[in-house]
Each structure stands twice: as C-alpha cells, then as structure tokens.
1. When residue 60 is evaluated against the numbered criteria (1) surrounded by 18 or more Cβ atoms within 10 Å (Cβ to Cβ); (2) over 20 Å from residue 73 (Cα atoms); (3) not charged (D, E, K, R), which criterion, by number, is the only one it fails?
2. For the range 16-36, how many residues meet the condition of being farther than 17 Å from residue 62 by Cβ and either without any contact (Cβ under 8 Å) to a residue 12 or more places away in the chain or touching a Gly at 6+ places or on another chain (Cβ under 7 Å) (or both)?
3. If we keep just the residues of the range 1-25 that are of a type in the set (S, T, N, Q) and over 15 Å from residue 66 (Cβ atoms), which is surrounded by the most Cβ atoms within 10 Å (Cβ to Cβ)?
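The values are calculated or read from the model by the stated rules, or taken from the named source; none is laboratory data. In this text the structure is predicted, and so the values were computed from the model without any measurement. As a convention, Cβ positions derive from the backbone with ideal geometry for all residues, glycine included, and neighbour counts pool all protein chains shown.
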Amino acid sequence: MTTSHTPAELATSLGTSIRKLRIDRNLKQDELAARAGISLHALQNLERGAGATVRTLVTVLRALGREDWLKTLAPSPTINPLTLPRGATERKRARRAGK
C-alpha cells in the first residue's frame, strides 16, 4: 500500500533530514550557510520545508558532501546503443496526451 504525501509534507521531511545531517556533522546553521554560500534565512527555510529553491538544496547538499543524494532522485539512464534504431536521436519533449 502506497502512502501519498503532500508536497508540504515531503518538503518538511527533506528539511528534517538535512537538519539531522547538519547536526551529525556538528555544524551550526550559520556555519553551514557560510560553507554553502547562502543566507542563514535560506538555510532555515530549507530545514523547515518552507519554500527553498533547488539551487539552495543543491548548494547545501554539496557543502555537506552529500551530492550523491541527487543521483537517487534521478539516476542517469543507461542506454545501449545497440538497441537504438539507426539514426535515432534523444527525445527532447514529451508527447501530447492522447497521441
């Protein structure tokens, strides 16, 4: 059974995870914000799940040495060139619904 979470719940959960990681690394919020090159307020928003940007998330993960988390979100696809038709190119857009 799959439990569906709201975007706000997911953001709060992500922020809590980042906060725990920061504390495990024995860093204060202002220290991590300085390492990441962001404002203290931006880090506080991220940790609360209160409207952070993707850029803030990426810079904080990088400062914590956890860029590998991003690969779990969207692993790079492995494409076997032998299975592609000759002359095929990578798709740039999604198809319209119903087609």
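1. Failed condition: (2).
2. Residues that pass the stated criteria total 5.
3. Residues of the range 1-25 that are of a type in the set (S, T, N, Q), as a first pass: 2-4, 6, 12-13, 16-17.
Applying the additional criterion that residues be over 15 Å from residue 66 (Cβ atoms) yields 2-4, 6, 12-13.
Details: 2: 3, 3: 5, 4: 5, 6: 8, 12: 16, 13: 12.
Looking at residues that are of a type in the set (S, T, N, Q) and over 15 Å from residue 66 (Cβ atoms), I get 12.
Here is a yes/no grid of residues against (1) assigned to a loop (DSSP other than H, G, I, E, B); (2) within 13 Å of the chain's Cα centre (by Cα); (3) at pLDDT 90 or above:
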site	(1), (2), (3)
2	yes, no, no
14	no, yes, yes
27	yes, no, yes
31	no, no, yes
46	no, yes, yes
